[in-house]
Amino acid sequence: MYPFHNCSLKFSEKFLEIFLEVVPKRYVDFGFFNKNSNNHNNSSSTLPAANLPNLVAPALDKIMRYLSGEDLMELRLVCRSLNDSVTKLDLDTRQITIYLNEDLIQLNVTKAVSYLSCTITAAENGCIVEKNGFCPTVHEGVDFIDEGMKEFSKVTKKRDFNVDELQVQFEDGDGESKKKSRQDEFYEKLGATLAKRDQKLNCRELSIGVHTPSDLKLILENVFLEKLNIKVHDLKMTFDMDQIKIIPQWNIITHLNIKGLCSLRLTDFQHIPNVDAEILPDTVANIMDHIETRLHTPAKVNMLFGMKIDHESLEALKQYLKRYGPQTTIVGQTTGRIQLGSDRFVKYTLKSSSWSLKDEK
């Protein structure tokens with residue numbers, strides 16, 4: 001329990017609002033809050049003085065994760081205990097963004113309170129490193145990609161390092177051979193850097209831009225993640241996911257968003273409750289079977305599939321779903337609801353180019 005009961009302070013309205021919404025009642029004694037209406041000024045951004053009750057660490061941590069960096073800086077000033085709590089929270093990394101240009105790597109690291117921006121630029125005989133816009137240093141004889149991987153290793157050096165989101169992006173150009181060669185080198189070295197870790201990088205969400213499946217494979221096989229967002233830069237061809245779906249990490253994904261046509265089939269999504277993807281056309285029988293499987297799973301579903309459906313198949317699919325309840329067709333779009341128990345139903349939408357399922361209450 002946190003020893004805050006002797007700490008008398010004025011909370012920001014945002015803090016108290018989140019506190020009352022987030023913290024289970026079993027964690028706190030709400031009698032500690034002295035809501036003295038005589039002390040309350042409606043025009044003020046603060047609430048009346050209150051004593052923070054004994055609060056277990058998970059509850060306080062949950063509240064602080066809703067706060068902005070500015071709110072957390074103010075929270076530091078309240079008392080030593082809260083300052084220590086914010087310091088511990090700042091050890092967690094919320095986002096890492098790696099951006100590759102033809103002659104530059106930008107590494108941005110966002111924590112709860114602090115922020116690091118590191119720019120590594122190619123130079124004639126090496127590279128130049130600049131952190132937070134200050135004190136650029138020259139590294140002779142060092143390629144800018146190698147130096148970028150070194151800086152990334154420093155940020156993620158802890159064995160149990162966690163990051164909420166890792167973004168990997170590159171400048172989209174006209175595909176000239178020199179630029180493409182540097183991009184291939186970048187992904188190869190980033191994959192090798194991740195592979196050197198004692199354990200896989202814990203990453204709740206990975207957002208990545210890719211040209212080829214090998215780009216994605218090098219990164220995906222060295223991280224643990226829940227959400228995967230893929231932006232395919234070459235939209236002229238189908239993105240082959242055969243070598244991706246056999247990676248063990250594929251089986252633990254709970255959210256998938258892929259921009260670009262991919263080679264996945266409906267059977268490849270059976271374990272993923274949240275999907276937004278454009279996939280190759282499938283048979284109506286397979287679509288029906290997939291919907292039937294989804295309706296009988298306890299997990300909530302939020303699925304949008306882009307796939308061409310011919311008129312005959314679309315009509316067959318509409319008739320199949322009509323048995324679950326009424327449906328409406330307006331300007332080529334059919335919608336309906338399937339009741340699942342007393343407090344849950346699935347809404348579906350059918351068009352010639354896509355179909356979707358979404359849990360609603």
Checklist entry - Beyond 27 Å, what share of the Cα-Cα pairs of segment 93-306 remains, rounded to the nearest whole percent? => result 37
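Tell me, what is the percent relative contact order of segment 93-306, built from C-alpha pairs under 8 Å that lie six or more residues apart? Can you show the working numbers first?
On the way: 404 pairs, mean separation 26.7, N = 214.
Across segment 93-306, relative contact order equals 12 percent.
Report for segment 93-306 the percent antiparallel among DSSP-assigned beta bridges with both residues inside it, nearest 5. Mind dumping the intermediate values first?
On the way: 26 of 64 bridges.
The antiparallel proportion sits near 40 percent.
Past 24 Å, Cα to Cα: identify those pairs from LYS236/LYS318; LYS236/LYS300; LYS189/LYS236; LYS180/LYS217; LYS245/LYS322, in the order given.
In this structure, LYS236/LYS318; LYS236/LYS300; LYS189/LYS236; LYS245/LYS322 exceed 24 Å between Cα atoms.
What accessible area per residue, rounded to a whole number of Å², is obtained for segment 275-345 using a probe radius of 1.4 Å?
On the way: 4030 Å² over 71 residues.
Normalised by residue count, the accessible surface of segment 275-345 is 57 Å².
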Checklist entry - Could you work out Rg/(2.2 N^0.38 Å) for segment 195-312, with Rg from alpha carbons only? => result 1.09
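To one decimal place, what Kirkwood hydrodynamic radius in Å is obtained for segment 234-302 from all pairs of distinct Cα atoms?
Details: mean 1/r = 0.0775 Å⁻¹.
Its Kirkwood hydrodynamic radius stands at 12.9 Å.
Among 184-192, 144-152, 294-302, what's the highest-first ranking by average C-beta atoms within 10 angstrom per residue?
Result, highest mean first: 144-152, 184-192, 294-302.
Given a 1.4 angstrom probe, I'd like the percentage of the accessible area of segment 93-306 that is carbon and sulfur, rounded to a whole number.
Working: 5170 of 10130 Å².
Here it works out to 51 percent.
I need the trypsin sites (Lys or Arg not before Pro) found in segment 94-146, filtered to DSSP loop residues with at most 15 other beta carbons within 10 Å of theirs.
Values: sites: ARG94, LYS111, LYS131; in loops: none.
Within segment 94-146, no trypsin sites (Lys or Arg not before Pro) qualify (loop, at most 15 other Cβ atoms within 10 Å).
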Checklist entry - Just how many % of Cα pairs in segment 249-361 lie over 20 Å apart, if you round to the nearest whole percent? => result 37
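The values are calculated or read from the model by the stated rules, or taken from the named source; none is laboratory data. Because the structure is a prediction, the values reported are computed rather than measured. Here the Cβ is made from the backbone with ideal geometry for all residues, glycine too, and neighbour counts use every protein chain on show. Just so you know, the surface numbers come from the protein's heavy atoms only, side chains and all, with ligands and any DNA or RNA stripped out. Shrake-Rupley method; radii C 1.70, N 1.55, O 1.52, S 1.80 Å.
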